[in-house]
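**Student:** Below is one structure. I have some questions about it.
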Amino acid sequence: MKTRVALAIAGLLLFVAPASYSETNSVPFPEGYRNWLHAKSMLIQPGHALENPFQGIHHIYANGKAAKGLKSGSYADGSVLVFDLLNYEEKDKTIQEGKRKLVGVMHKDAAKYASTGGWGFEGFAGDSKTERLVTDGGKSCFDCHTAQKAKDFVFSELRD
Ligand code: HEC
């Protein structure tokens, strides 16, 4: 009986134990981002410093809070920016969108992501909403974005 109670308590403790870092801090997939503000687009060609892994056509989207941030230069918690990266193909003297390579995400939560400038960084492979690409807690993403410290670590600028 005692063992059973002990086991039950141990089971309960396991159940209520805090979730691991990656579970509590994982950046959610940005559902519905194709309906957000389209900030800008860019084509990155072979030979560019960002070629690996960012060669392709990308479109940058901002949710409501991030759209305000693009104007003011500082971002409230809940701001989300998306880097939607597609392959491209040349066809009849045009450059056309191909299959999606990845969806890059920056999700602002100053307390949760304090070690990476208040932004959670994540990449989702291809069309997957669950296959995550970032394995270092966003450190390597942040190391490059840190150049934009004066603009709250964001490169993009809004155009009319
Ligand atoms: C070597 C530098 C570099 C690295 C590493 C990098 N980025 Fe970026 N990122 C950029 C640049 C430059 C832009 C602006 C692109 C543009 O103007 O269209 C950008 C733009 C973005 C944006 C749109 C918001 C903004 O800042 O303009 C997101 C979201 C983003 N990156 C996510 C990521 C994620 C997630 C990672 C890591 C998996 C990452 N980035 C790694 C250079 C980098």
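The values are calculated or read from the model by the stated rules, or taken from the named source; none is laboratory data. None of these values were measured; they are calculated from a predicted model. Note that each Cβ is placed from the backbone with ideal geometry, even for glycine, and that neighbours are counted across all protein chains shown. Surface accessibility is based on the protein's heavy atoms, side chains included, excluding ligands, DNA and RNA. Shrake-Rupley method; radii C 1.70, N 1.55, O 1.52, S 1.80 Å.
**Student:** Determine which member of the set L102, L158, L85, L70 is within 21 Å of R34 (Cβ to Cβ) and either of a type outside the set (A, V, I, L, M, F, W, C) or at pLDDT below 95 (or both).
**Tutor:** Step by step, each of L102, L158, L85, L70 is checked, and only L158 is within 21 Å of R34 (Cβ to Cβ) and either of a type outside the set (A, V, I, L, M, F, W, C) or at pLDDT below 95 (or both).
**Student:** Still on this model: Taking L133, is it of a type in the set (A, V, I, L, M) and closer than 20 Å to N35 by Cα?
**Tutor:** no
**Student:** Take the conditions touching a His at 6+ places or on another chain (Cβ under 9 Å), open to solvent by 40 Å² or more (accessible area, probe 1.4 Å) and closer than 18 Å to P28 by Cβ and apply them to F155. Does it pass?
**Tutor:** Here the answer is no, as F155 does not meet what is asked.
**Student:** Name every residue in the range 34-53 that is within 8 Å of the ligand (Cβ to nearest atom), of a type in the set (A, V, I, L, M) and either touching a Ser or Thr at 6+ places or on another chain (Cβ under 6 Å) or open to solvent by less than 70 Å² (accessible area, probe 1.4 Å) (or both), in order of residue number.
**Tutor:** A39, L50
**Student:** Separate question: List every residue pair whose Cβ atoms sit under 7 Å apart, with the two residues 6 or more apart in sequence or on different chains, where the first one lies in the range 61-77 and is of a type in the set (A, V, I, L, M, F, W, C) and in a helix (DSSP H, G or I) and the second, anywhere, is surrounded by 13 or more Cβ atoms within 10 Å (Cβ to Cβ) and at pLDDT 95 or above.
**Tutor:** What qualifies is A66/Y75; A66/S79; A66/V80; A66/L81; A67/L37; L70/A39; L70/A62; L70/S156.
**Student:** Do you know which residues across the range 103-124 are assigned to a strand (DSSP E or B) and either open to solvent by 20 Å² or more (accessible area, probe 1.4 Å) or under 15 Å from V154 (Cα atoms) (or both)?
**Tutor:** Hits for the range 103-124 are G104, V105, M106, H107, K108, W119, G120, F121, E122.
**Student:** Looking at (1) among the polar types (S, T, N, Q); (2) surrounded by fewer than 22 Cβ atoms within 10 Å (Cβ to Cβ); (3) closer than 16 Å to P28 by Cβ, which one does S79 not meet, given that it meets all the others?
**Tutor:** All conditions are met except number (2).
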